[in-house]
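So the structure is just underneath, and the comments pick up after that.
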Amino acid sequence: MERRPRSFYLLAAFFGLFVLFLYGPIVTIGILSFQGPQGGLTFPMNGVSLHWFRDLFQEQAVGDIWGAFRRSFALGLMVMVTTVVVSVMAGLAFRKRFRGSGLLFYAAITSLVIPSILISLGVGLIFNQLGFRIHWATSGFGAQLTWTLPFGLLIMFAVFNRFDKSYEEAARDLGATAWQTIRFVVLPIIAPSLIGVALFGFTLSYDEFARTLLTAGSYNTLPLEIFGMTTNVTTPVIYALGTLTTLFSFAIIAAFLLGVWIIGKRRARLGSDAGKGV
């Protein structure tokens, strides 16, 4: 067996340190969330229990945790649906060149390089000047779209750039209308990419802090609520909340990956059935 070079072990050690740096804080918070009733915010642990998880589901005097979670979840769904729909429509539109397409493209992705806090400040100022109420479902929703839409657009542009148009031509030759072609040919083919865009849209919205800071109004989203708790909560209940929200994020990712796997299996089965039919 050929011996691995020394560089392999150096790179493996560097990668291990990177993973530790990336997930170490999450693991630490997860461990500290199982402190006993007399436990504090740091090591060493004072007992092991589920006390702080139970306490999390009691009425909290420090904030509206579950109300903030519901708002973040609803906002994430709104942003996800809008990001998917607009990204697909933009991807279809940009398949053909039109006057001003380049300017429109760069204007759409410019928000990625603008500091998020400036986006939040600008959206808040615009709503104030127009006399509109600053609210998480309006100004917060618009501010978060400036973050999620560019990612969705870039993904859809990449997908449609390598999309084989012969499938659409075959559908039209068989008498399909433009809408039937999109519904029964285009969308099923790009379905895994749509799931990816949806995952981007939801997770980026659910975790967004800076672009929501000045646009959420009187009602906090979950990231804002957690940030507020860091200034006045001195018990591991905040770690229990962090652990549950992390598990929820992983569960969302697993659900989307399961959707991709189901679509892949369905495609393989349809392909197998078609092959047998031939």
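The values are calculated or read from the model by the stated rules, or taken from the named source; none is laboratory data. As the structure is a prediction and not an experimental result, all values here were calculated from the model. Cβ atoms come from the backbone with ideal geometry, glycine included; neighbour counts cover every protein chain shown. All accessible areas refer to the heavy atoms of the entire protein, side chains included, with ligands and DNA or RNA removed. Shrake-Rupley method; radii C 1.70, N 1.55, O 1.52, S 1.80 Å.
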Would you be able to tell me the number of residues in the stretch 1-43 that are hydroxyl-bearing (Ser, Thr, Tyr) and not in a helix (DSSP H, G or I)?
2
Please give the number of the condition residue 3 fails out of (1) surrounded by 10 or more Cβ atoms within 10 Å (Cβ to Cβ); (2) more than 22 Å from residue 229 (Cα to Cα).
(1)
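Need a quick list: helices (runs of 4 or more DSSP H) entirely within the stretch 170-243 having at least 1 residues that are open to solvent by 40 Å² or more (accessible area, probe 1.4 Å) and without any contact (Cβ under 8 Å) to a residue 24 or more places away in the chain. Quick ask: steps written out before the conclusion?
On the way: elements: 178-181, 191-207, 210-213, 222-229.
In the stretch 170-243, 178-181, 222-229 are the helices (runs of 4 or more DSSP H) which contain 1 or more residues that are open to solvent by 40 Å² or more (accessible area, probe 1.4 Å) and without any contact (Cβ under 8 Å) to a residue 24 or more places away in the chain.
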Restricting to the stretch 200-223, count the residues that are touching a Lys or Arg at 6+ places or on another chain (Cβ under 8 Å) and not aliphatic (A, V, I, L, M).
4
Cβ pairs under 9 Å, 6+ apart or interchain, first in the stretch 121-136 and under 21 Å from residue 210 (Cβ atoms), second open to solvent by less than 90 Å² (accessible area, probe 1.4 Å) and among the basic types (Lys, Arg), ordered by first then second residue, are 123/211; 136/71
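Working only within the stretch 160-169, note down all residues that are among the acidic types (Asp, Glu) and either in contact (Cβ under 8 Å) with a residue 40 or more places away in the chain or open to solvent by less than 80 Å² (accessible area, probe 1.4 Å) (or both). Please lay out each step first, then the result.
From the stretch 160-169, those among the acidic types (Asp, Glu) are 164, 168-169; that's our starting set.
164, 168 - these are the residues of the stretch 160-169 that are among the acidic types (Asp, Glu) and either in contact (Cβ under 8 Å) with a residue 40 or more places away in the chain or open to solvent by less than 80 Å² (accessible area, probe 1.4 Å) (or both).
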Quick check, is residue 107 free of Cβ contacts under 8 Å to residues at least 40 places away in the same chain and exposed (fewer than 14 other Cβ atoms within 10 Å of the Cβ)?
yes
Condition first: open to solvent by less than 70 Å² (accessible area, probe 1.4 Å), under 21 Å from residue 195 (Cα atoms) and among the polar types (S, T, N, Q). Can you find one or more residues in the stretch 75-82 that meet it?
yes
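Out of curiosity, is residue 199 under 25 Å from residue 43 (Cα atoms) and under 17 Å from the mean Cα position of the chain (by Cα)?
Working: under 25 Å from residue 43 (Cα atoms): no; under 17 Å from the mean Cα position of the chain (by Cα): yes.
No.
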